[in-house]
1. Short version: ³J(HN,Hα) in whole Hz for each residue of region 772-785, in order, from phi by Karplus 6.51 cos²θ - 1.76 cosθ + 1.60 (θ = phi - 60°), x for Gly and Pro, what are they?
2. How much of the calculated P(r) for region 179-228 lies past 11 Å, in percent of all Cα pairs?
3. Return one number: the angle in degrees, 0 to 90 and rounded to the nearest 10, between the long axis of the Cα atoms of helix 562-571 and the longest principal axis of the Cα atoms of the chain.
4. Tell me whether region 306-424 comes out rounded, prolate or oblate; compute the Cα gyration tensor, take square roots of the eigenvalues as a ≥ b ≥ c, and use a/c under 1.5 as the rounded threshold.
5. Which whole-number percentage describes the relative contact order of region 602-737, with Cα contacts under 8 Å and a sequence gap of 6 or more?
6. Give the accessible surface of region 473-628 per residue, rounded to a whole number of Å², with probe radius 1.4 Å and ligands, DNA and RNA excluded.
7. How big is the Kirkwood radius of the chain, worked out from every pair of different alpha carbons and given in Å to one decimal?
8. Suppose the chain between LYS415 and SER78 were pulled fully straight at 0.36 nm per residue; how much longer would it get relative to their current alpha carbon spacing?
Amino acid sequence: MKTLVGWLAAIVRKAPAAAIIVVLVTTTVFAVFAPQLDQTTGIEVFVPDNAELHALTTIEERFGSSGATVQVLITSASGDVITAEGLQTVLAVEQAIRGMDPGIALSDRPDGPIVGYLSPTLQAVQMMGYPISALNDQAVKTAFSASLAQVPEDQRQGFEGLFSSTSTDLASATTGTGLMVVFLDTSGLDLDALQAIQTNISDLVSEAGVGSTTATAFSADLLLTVDPLSDELLRLFIIAGATIAAILATVYWIRPKERRNSRAAFRRTFADLGLTLAAIGMSIIWVLGIGVLLGPKYLGVIGDFSPLLQVLPVLLVGLGVDFSIHLTARYREELGAGWEVEPGAERAIAAVGIALVLATATTAVGFLTNIANPIPPLKDFGILAAIGIVGAFMITLTFVPAARVLLDRRAERLKRLPRREFEQPEHRLAPMIMSKTALIAEHFAIPTLVLALVLTGFGAFGMSQLTTAFSSTDFVPADDPLRSSYETLAEEFAGGFGETVDILIEGGVATPAFHNALLAATANLADTQNIVTVNGSAAARSPVSVIAALIEPDATGRPADPEFADLAASAGLTAELTMRTEADVDAIYRAALRAAPSPMSSVLAESDDGSLGYARIEVSTQAGEEFAAQLAADLAEDFRPVTALPGLSATATNVNIMTASVVGALQDSQNTSLIITLSAAMLLLTATFWYEWRRPFLGVITILPVAMVVLWTFGMMAVFDIPFGPVTAMTAALAIGIGVPYSIHVTHRYLEDRMRFDDPEAAMRSTTGHTGGALAGSALTTLAGFGVLMTSGLIPFQQFGAVTAMAIGFSLLASIGVLPSMLILWDRWHRKRGEAPVGDSTQYSVLSNH
């Protein structure tokens, strides 16, 4: 570390212009790549590389997509949609959709492509020849009650699912929300084409409302079209930039001691502000450019930028400000002490640089522990955050002091360098206030630690009470109609209609054992909770259901496909749809593919060697996100007859199950990630303090307040009911990333001051006066930067802003309250043993050489 810092200090002193040129050229190179950044959205980006994701990918590759739905919610300001306006709206929606481009892929299902809560009523009224526009509310309710009585009993359950579960009384023909479902045939359509069709439907539906009754379309594919991040982040970044600039101007402000120095002080303040903002901007360009180079277009180390990575610039703003404030404050202190420009810059880099190197290394290691995280965006975030921190460090310790040296050389020649204003920085307001905090360590060290430990215990308890949550709508603005529609479907319609779960079966599927096991598994589905049933059987499509449709007798008793029925019977298929032991299942399945190519190819596929190696079972469900994990477990149990066979696997998957897998991965990684990150940081600090000072326990002392900050932050998350999710999962890494530099600055300054002062109390007052003031300015500035996230329209960003603000505030309190108390007690313990707490060290040897 000393070698690196000494090398950087020498470059700044001897060749500042060259240092600036190298940084600017490097920034230009990365700026060429930065615009190539690709962003990605969707639940899949957060899913770990697990069986559910593999199953979904395999289904898309082997089977494609055969169907999709658009759900239409009908609501009214009156609170009832079984009305004349409701019926007119339903008719308008149907007419709008059926009147679309003839190329629209409406399903050819027997019940029609559009099913709605008033469909039987609409058909009855039209059959009787009544004009829809002439009906009043009572006539519609009468027609509804009459048509409801005609719904077959075996279809009743499904039909009642089209009415709100919270505001429906079928006896009085009232409901607050009704549902329509549009079934699409997506064969041959890619995602872009499907989204275009669904967007068109959504636009038409939104215009179909009558009076106070409105219609709103929703589908999972429409959620993917929502991209608020670019505009949202630009707005947040502008606000954060303006706020940080204003606070930095206050932090850097120099109060002129003489009237003739007013202009110089003003120029100095805004020059330091400009250099800090330039350094932050370049560090952001670096990380974006490196992110592109590491991405899929080049090296393929990370994926495209996910919504999670969009907060990286804000993180770099916070850390860049911290680095710059400490370096600038120390440089001003050296100038105020009478040092010339070049030696002053070198001394500042040598003194602060050691702490910054250690802070950078520890923070980078903390973020790099996310490499083991099973959630890809968290892994990518850890990699890029570590790179960004290193980049911010390099820019801060080269570009900023080099530019400052060139500017101050000129100012010194022109006799405009405001040296007097830099004298005794500890007498400024913030340092004076912060120096008073040393009294806590001097007189109340033990009570402070006891209080801190009690709060840590409460924090640990709060952490144990945290809930883990993740939803496919997390990155949809709170005021977006799609989000409210999704929530209505989840709360009032058990997730809505059109929800399906695919079970992918891999292995040799053309055997009698598999076919009979599949028959038993589909029979098990009928008694499983959250699975839609029809006539006592699960609403499922599989090779068995397609074969059953081909041999089902018509009104004359003849099979629907006599040729296939004869072939299947002769090959070993029984009337009960089971296969005899010697049955030629491969011949039967391939005959079914010829007889019903479209339905059979959607549930059966060949492997690469041409054998039948994949089967897909599509089950209609109503679990939603809330019960997706339980449904996956139930389906695994239902398909145990299949998975018990050698060489066969069965995996249930859909968007909700993948969401549940993200929640599971977060829960599994929550504690391990925290332990790994803290352990890595502590080992690095312990090794460093042993090597530099022969005081390894200082590494433990320095990291303990940070561990407390993490637990305090988790405790406050529990208090404010902020769940543990993909964004807030970075809490531990961020708290460590912010808290470790704070603690390192205090510990290193205390060791330096302890070599200057005879007693620990005087040394601590000097430490809190000098470093504490810079910490306060850094914390306030960073707090403002992250706090802006709380104004975001995206709930995860709001939560992230709040949690990070807590972590910053707690980090400041720990570094000026808890850590000084621990250092004072450590110092006193060594003195009681007759030992010098701080012996000879080469840590700051460079300071004495100039």
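The values are calculated or read from the model by the stated rules, or taken from the named source; none is laboratory data. Computed from a predicted structure; not experimentally measured. FYI the Cβ positions are ideal-geometry reconstructions off the backbone, even for glycines, and counts take in every protein chain you see. What goes into the accessible areas is simple: the full protein's heavy atoms, side chains included, and nothing from ligands, DNA or RNA. Shrake-Rupley method; radii C 1.70, N 1.55, O 1.52, S 1.80 Å.
1. x, x, 5, 4, 4, x, 5, 5, 4, 5, 5, 4, 5, x
2. 72 percent
3. The helix 562-571 is inclined about 70 degrees to the chain.
4. Values: a/c = 3.59, a/b = 2.75, b/c = 1.31.
Since a/c reaches 1.5 and a/b is larger than b/c, the shape of region 306-424 is classed as prolate.
5. Numbers: 95 pairs, mean separation 21.5, N = 136.
So the answer I get is 16 percent.
6. Values: 6680 Å² over 156 residues.
Ligands and nucleic acids excluded, the result is 43 Å² per residue.
7. Values: mean 1/r = 0.0322 Å⁻¹.
One over the average 1/r among Cα pairs gives 31.0 Å for the chain.
8. Values: separation 337, 0.36 × 337 = 121.32 nm, distance 7.74 nm.
113.6 nm is the gain from fully extending LYS415 to SER78.
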